[in-house]
Ligand code: CA
C-alpha cells in the first residue's frame, strides 16, 4: 500500500480523488492548503504527491519548491487548471514529474499515478531494503557462524532461553552470544535486530 498526499483546496475534487486512490488499494490524505501540505510531509514523507497550483495560502509551486529543497524525492504530479506551456515548464523546472490539466479523466490520472509509483519503486535510490545474507553478517559485522544463527533467532523475537533450547546451548552461553550479537550489530535493543537483518537499519 502506497501513501499519496493530495494537495487540493477543492474539497469535492480531493475527496473524489481520495476515494479513487483507495479503490486502487492506496492510502490517501488530503491537505487543503500549502501550509497543511508541508506539515503533512514533515510528519510523513508520502510516496507520491498530487499537487494543485491554486491554493488559498501559497501556490503549489511554493510547495513543490519547498519539498525539493528539503530533499523529498517523491514523484509530484501537478493537477491544475492552468494549462499554459509556461505554467507547465515552470512546474517541471521546479522538479515536478508530471502535469495534468483540469478537467482530467480519472482513469488516465490513476494510470499516470500507477506509472510514477512503479518507476519510483524501481529506482535503485528508493529500492526496498535487502535482507542481509549469512556471509554479509559474518563479513560486515564479524559474527561467527554460531552468532549468525543466534542473530536469526533474535530477529524472530526468541528469548535467550528459547535460543538456548533451539541451538542446544546452556542459557548462559546463549546469553553470551546474544550480548555479543547485539554489540557487534550495534543494536541498542533486541527488537532492533530484526530490522538490521532485514537491511532496514
Ligand atoms: Ca485550487
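The values are calculated or read from the model by the stated rules, or taken from the named source; none is laboratory data. Small disclaimer: the values here were computed from a predicted structure and weren't measured. In this analysis, Cβ positions are derived from the backbone assuming ideal geometry, glycine residues included, and neighbour counts consider all displayed protein chains.
Name the residue that is farthest from residue 132 (Cα to Cα), counting only residues in the range 142-174 that are in contact (Cβ under 8 Å) with a residue 24 or more places away in the chain and not in a helix (DSSP H, G or I).
157
Of all residues in the range 1-12, how many are surrounded by 14 or more Cβ atoms within 10 Å (Cβ to Cβ) and either without any contact (Cβ under 8 Å) to a residue 40 or more places away in the chain or in contact with a strand residue (DSSP E or B) (Cβ under 6 Å, 6 or more places away or on another chain) (or both)?
Qualifying residue count for the region: 5.
Name the single residue that is farthest from residue 40 (Cα to Cα) among those in the range 54-78 being over 22 Å from the mean Cα position of the chain (by Cα) and either surrounded by fewer than 22 Cβ atoms within 10 Å (Cβ to Cβ) or more than 16 Å from the ligand (Cβ to nearest atom) (or both).
So the residue we want is 54.
Against the condition closer than 30 Å to residue 23 by Cα and surrounded by 15 or more Cβ atoms within 10 Å (Cβ to Cβ), how does residue 99 come out, does it pass? Don't jump to the end; show me each part of the working.
On the way: closer than 30 Å to residue 23 by Cα: yes; surrounded by 15 or more Cβ atoms within 10 Å (Cβ to Cβ): yes.
Spelling it out, residue 99 is indeed closer than 30 Å to residue 23 by Cα and surrounded by 15 or more Cβ atoms within 10 Å (Cβ to Cβ).
If residue 188 satisfies all but one of (1) under 24 Å from the mean Cα position of the chain (by Cα); (2) in the same structural domain as residue 28 (by TED's automatic domain parsing), what's the number of the condition it fails?
(2)
For residue 83, only one of the following conditions fails: (1) over 30 Å from residue 181 (Cα atoms); (2) away from the ligand (no atom under 16 Å from the Cβ). What is its number?
(2)
Give the residues of the range 175-185 that are surrounded by fewer than 19 Cβ atoms within 10 Å (Cβ to Cβ) and in contact (Cβ under 8 Å) with a residue 40 or more places away in the chain, sorted by residue number.
If the condition is that a residue be surrounded by fewer than 19 Cβ atoms within 10 Å (Cβ to Cβ) and in contact (Cβ under 8 Å) with a residue 40 or more places away in the chain, then 184 is the only one that fits.
Can you tell which of 43, 19, 35 is surrounded by fewer than 18 Cβ atoms within 10 Å (Cβ to Cβ), modelled with pLDDT of 95 or more and more than 16 Å from the ligand (Cβ to nearest atom)?
On the way: 43 fails: modelled with pLDDT of 95 or more; 35 fails: more than 16 Å from the ligand (Cβ to nearest atom).
The unique qualifying residue is 19.
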